[in-house]
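**Student:** Next up is a structure, given as C-alpha cells.
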Amino acid sequence: MAETRELIEKYALQNAVKYNLAPNAGAVMGKLMGEHPELRAQAKEVNPLVKEVLAEIAKMSPEEWKERLEKIAPELLQELSVRKEPAKGLPPLEGADGGVVMRFAPNPNGPPTLGSARGIIVNSEYVKKYGGRFLIRFDDTDPVKKRPMPEAYGWYLEDCAWLGAVPDQVITASERVASYYGIAEELIRRGGAYVCGCAQETFKELKDKGRPCPHRDQPVEMNLDLWKKMLSGELSEGQAVLRVKTDMSHKDPAIRDWAAFRIVTTPHPLAGSKYRVWPLLDFESAVEDHLLGVTHILRGKDLMDSERRQGYLYRHLGWEYPRVVHWGRIKIHQFGSFSTSKLRRAIEAGEYTGWDDPRVPTVRAMRCRGIQAEALRKFMIDLGVGETDISISMDSIYAENRKIVDPIANRYFFVWDPVALEIEGEAPAVAYAPLHPAIDRGERAIPAGNSVFICRSDLEGLKPGDRVRLKDFCNLEILETEPARARFLGKEVGKKMKIIHWAPKNGLPVKVLGPEGVDEGLGEEGIAGELNRVVQFERYGFVRINRLGEPIVAYFAHR
C-alpha cells in the first residue's frame, strides 16, 4: 500500500495548502477515489490509511505543507496557482483583459441569502478568470431603515470563505464617512450640489412637477456654510439634505436632484454617534466605486436608476464610470422573496427559529441542511448573467448536490413515527449493514434481536400473512398488526418481497427539521458519530447532523 499512501499524502497536502487548514478526510477520499477508481474495491483498507496520513499532516505547519508538496508533487502545487476559467455560464467581460476590480456590496442587516450567494460567487469567479481584486464592501450607512446587524459582518465573511470566494479586501463604509465629507464639499464647490431646506413633501411636489426648489441656485458659499451647519449640529434632523444637481426636467422624477446626505441622530451599531450626517446609498456606493478603482459592476436591472443618478455625480467630479453588466432577478419557487428585511421581521415575530431555519433561503440554512458549496457554485455560475429574470426550482440545486454527497454520505436507518414490532423465533442479536452500498467503507453493526421499531406508515400497509424483509437483517411473516407481531423466517435474501427499514429497540432519539416540517423518531447509534456531516437516512433522504443530544438534531437536505 506504499503507492496508495503516497497518493493520499499528495492529495491531502494539496487540500491543506489550498484552504490553509488541516486536510478534510471526505475531500481527500473523494479525490482519491475519483482519480483512481480502481481503489474503490479496497476502500475498507484505504480508509484507515487516510486517517493515519491526515493525522500526521495535521501536526505540520502550513509552511511545512507547502514545502513537502513542492518536494513530492510540484505539479499539484502549480495546479493551485493556475487561474481556472469560469464555467460555460459566464460570458466574457468587455474590457477585462488587463485585470478587473469587482465588488459585492451588501447591506449587513442579515446574513447572505441565495441571492447574495449569486453575487459573491459570480464576482469572485470573474476575478479568478481575469486576475485582479475581489472586494467585499459593506454599504452600511443607513442606521435606521436598513439598520445593520453587528453579527452579520462576520457572517458574510464566513459564508464567503465557505463559498470559496475569500475577498482580497474588506471595506466597511461606516468607517469611512469622514472621507465622504471632503468629496461632498468638493462637489458643492464645483456647483454640483446644494443644501435643500424644503420639507420632504414640498420637495416631492416640486420634483414631480419638474420645478426646482428655491434653494437650488443658492451661492456656493451659502451652500458650504449650510453644509458646515449640518455637520456641526446647528441644523437638526429633517431640516436639511444635500442634493446632487441633475436635470429637473428629466422624464424620470426619480433622477431629479437626488438626496446625497441627510442628518440622522440615531446611533449607528458600529460608529455610534460619531457622525450625524450620513450619505445615502447612491452617493456612498458611487464614491466608493471610484475610490476603490472598481472596473466592472454586476447590478440587477431593477437598479438601472442608480447608474443614471450616479452618472451626474461622476460628471460633476470628472470621474469615469465603471463598466456595468445588468442581470435579471432570480426567483426560486420554494422561497419567493430573498428580502433580508422581510426575513428579519419574520424571525423577530417568531415565524422562523433563526437565520439557519431550514425554511429560509440563507446560505447559513443551506450549510446546515448539507448543501455543499461546490453545488451552489456550479449552479450559480451555470445561471450566467443575462438580463432575463430567472425562475427555477431548488430541485436544480439538489441535483448538483446529490452528485457530490452521494459518494461520501454514510447510510443509516432512521424510523419516523416509530411503532414497536415483536419478532418470534431466533432472530439474530446483531445485524450488519454496509456504510455505503457502492463504496466499500466497512459495515455497521446494529443491535437487533426480537424487538425492533418500524415506521407506522409501513405497518399500515401490512396485514397478517404478508411477508417482508427488514433491510440487511431478516425475513418476516406478519402475524398481527395490533399489536405488531411477526415470525422470523430466516436471514438469507430469498424470493422477492417488500423491503422496509427499521431501528433497534434502544435506538437514539432523532429529530429531523426540514422545509416541510419536522419528523421525529429513532435512529442507529452510529448517527452520533457523524456530527456536522451529511449522511443518508435510508428510504428517507440526505440530512446533515447538526447537534448531538436527546434528541439528535438533523436538517433535511433532499431526497
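Only the coordinates and a few stated rules stand behind these numbers; no lab work does. These numbers were taken from a predicted model, which means no experiment stands behind them. Counting neighbours? That spans all protein chains shown, and the Cβs are built from the backbone with ideal geometry, glycine included.
**Student:** Starting from the Cα of LEU231, step 7 Å along the direction of its Cβ; do the same at TRP319; then give the gap between the two resulting points in nm.
**Tutor:** 1.8 nm
**Student:** Continuing with the same structure: Could you derive backbone 3J(HN,Hα) for region 275-282 from the dihedral phi with the Karplus parameters 6.51, -1.76 and 1.60 (θ = phi - 60°), listing whole Hz in sequence and x where the residue is Gly or Pro?
**Tutor:** In residue order, the calculated couplings are 10, 10, 10, 10, x, 7, 4, 4 Hz.
**Student:** Still on this model: Tell me whether region 52-178 comes out rounded, prolate or oblate; compute the Cα gyration tensor, take square roots of the eigenvalues as a ≥ b ≥ c, and use a/c under 1.5 as the rounded threshold.
**Tutor:** Here region 52-178 falls in the oblate category.
**Student:** Here's something else I'd like to know. Using +1 on the beta carbon of Lys and Arg, -1 on that of Asp and Glu, and nothing else charged, what's the dipole of the chain about the Cα centre, debye to 20?
**Tutor:** With Lys and Arg at +1 and Asp and Glu at -1, about 980 debye.
**Student:** I've got another one for you. Taking the Cα centre of region 1-72 as the origin, how large is its charge dipole in debye, to the nearest 20, when only Lys and Arg (+1) and Asp and Glu (-1) carry charge on their Cβ atoms?
**Tutor:** 200 debye
**Student:** Going by the alpha-carbon gyration tensor, a ≥ b ≥ c the square roots of its eigenvalues, is region 410-559 rounded (a/c under 1.5) or, if a/c is not under 1.5, prolate (a/b greater than b/c) versus oblate?
**Tutor:** Here region 410-559 falls in the prolate category.
**Student:** Rounded to the nearest 500, what is the 222 nm mean residue ellipticity of the chain from helices alone, with -39500 (n - 2.57) per DSSP H run of 4+ residues and division by all residues?
**Tutor:** Here the helix-only value at 222 nm equals -11000 deg cm²/dmol.
**Student:** Can you figure out the FRET efficiency of ASP97 with GLN334, using R₀ = 35 Å and their beta-carbon distance, to the nearest 0.05? Please list the in-between numbers first.
**Tutor:** Working: r = 40 Å, r/R0 = 1.13.
The formula returns an efficiency of 0.30 here.
**Student:** Would you mind computing the Rg to Rh ratio of the chain from its alpha-carbon coordinates, Kirkwood style for Rh?
**Tutor:** That ratio equals 1.09.
**Student:** Restricting things to alpha carbons, tell me how big region 387-460 is in terms of Rg and Dmax, in Å.
**Tutor:** 18.9, 68
**Student:** Tell me the angle of helix 304-317 to the major Cα principal axis of the chain, expressed in degrees between 0 and 90 and rounded to the nearest ten.
**Tutor:** Approximately 40 degrees, to the nearest 10.
**Student:** Taking square-rooted eigenvalues a ≥ b ≥ c of the alpha carbon gyration tensor, is region 333-405 rounded, prolate or oblate, where a/c under 1.5 means rounded and, failing that, a/b exceeding b/c means prolate? Don't skip to the end; give the middle numbers.
**Tutor:** Details: a/c = 2.54, a/b = 1.41, b/c = 1.81.
Oblate.
**Student:** Considering the options ILE297, MET1, GLY507, tell which one lies farthest towards the positive end of the dipole of the chain, charges being +1 on Lys and Arg and -1 on Asp and Glu at the Cβ, about the Cα centre.
**Tutor:** Comparing the listed Cα positions along the dipole, ILE297 ranks first.
**Student:** Calculate the dipole size of region 410-559 relative to its Cα centre from +1 charges on Lys and Arg beta carbons and -1 charges on Asp and Glu beta carbons; express the result in debye to the nearest 20.
**Tutor:** Values: 21 positive and 22 negative charges, 95 e Å.
The dipole magnitude comes to about 460 debye.
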